[in-house]
Amino acid sequence: MNWTREQLAEMLGLSSRHLQYIETKGQHPSLNKFYMIATLLNISVDQFFFQDNKSKTTRRRQVDAMLDGMGEKELSVVFATITALHEINSTID
């Protein structure tokens, strides 16, 4: 995502000046624009709505979002992988 401010503003239906104000002046976008920005930039919005998730990294929130879209079969594979990683890490320590 190597978009210019002008390109991102166009995708959002905003002027580049309005987007600049959101970035630098603390102007708040509408909820719809906020969601569009987060979606385009692949950023989880959980931290803004669920305060207990603030400590999660962006990568962790991205993984959580991906897990939410998986079925039981895929989750079983992910669980087995994580279990194996934990076992490996516990033998290294």
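The values are calculated or read from the model by the stated rules, or taken from the named source; none is laboratory data. Computed from a predicted structure; not experimentally measured. Note: ideal-geometry Cβ built from the backbone for every residue, glycine included; neighbour counts use all protein chains shown. We work out accessible area using only protein heavy atoms, side chains counted, and drop any ligands, DNA or RNA first. Shrake-Rupley method; radii C 1.70, N 1.55, O 1.52, S 1.80 Å.
Rounded to a whole number, what % of the accessible area of the chain do carbon and sulfur atoms account for, probe 1.4 Å? Walk me through the numbers on the way to the answer.
On the way: 4230 of 7480 Å².
Solvent-exposed carbon and sulfur of the chain make up 56 percent of the total.
Suppose a student asked you for the relative contact order of region 1-74, using Cα pairs under 8 Å spaced at least 6 residues apart; what percent would you report?
On the way: 31 pairs, mean separation 13.1, N = 74.
Here the relative contact order equals 18 percent.
Across bins of 10 angstrom width beginning at 0, how are the C-alpha pair distances of the chain distributed, in whole percent?
Once binned at 10 Å, the Cα pair distances of the chain give 13, 31, 29, 14, 11, 1.
So with the 1.4 Å probe, I'd like the accessible area per residue for the chain, rounded to whole Å². List each step's numbers first, then the result.
Working: 7480 Å² over 93 residues.
Per-residue accessible area for the chain comes out at 80 Å².
What number of lysine-lysine pairs in the chain show an alpha-carbon separation below 24 angstrom, given a sequence spacing of 8 or more or placement on distinct chains?
Details: 25/33; 25/54; 33/54; 33/56.
Count of close lysine pairs: 4.
Less than 12 Å Cβ to Cβ from residue 66, Lys/Arg counted +1 and Asp/Glu -1: what total charge do the surrounding residues give? All intermediate terms of the calculation are to be shown ahead of the outcome.
Numbers: positive: 59, 60, 61; negative: 64, 68, 74.
Once positives and negatives cancel, what remains is 0.
With every protein chain kept in the model, how would you rank 50, 34 by accessible area, 1.4 Å probe, largest at the top?
Details: 50 110, 34 50 Å².
Correct descending sequence by accessible area is 50, 34.
Considering the options 16, 40, 3, tell which one lies farthest towards the positive end of the dipole of the chain, charges being +1 on Lys and Arg and -1 on Asp and Glu at the Cβ, about the Cα centre.
Looking along the dipole axis, the top candidate is 16.
For region 1-72, give the magnitude of the charge dipole about the Cα centre (Cβ charges: +1 Lys/Arg, -1 Asp/Glu; no others), in debye to the nearest 20.
Working: 9 positive and 8 negative charges, 65 e Å.
Taking the Cα centre of region 1-72 as origin, the dipole is about 320 debye.
Let me check something: with ligands and nucleic acids excluded, how do 30, 44 order by accessible area (1.4 Å probe), largest to smallest? Intermediate results must be reported in sequence, preceding the final value.
Details: 30 65, 44 20 Å².
So the residues, ranked largest to smallest area, are 30, 44.
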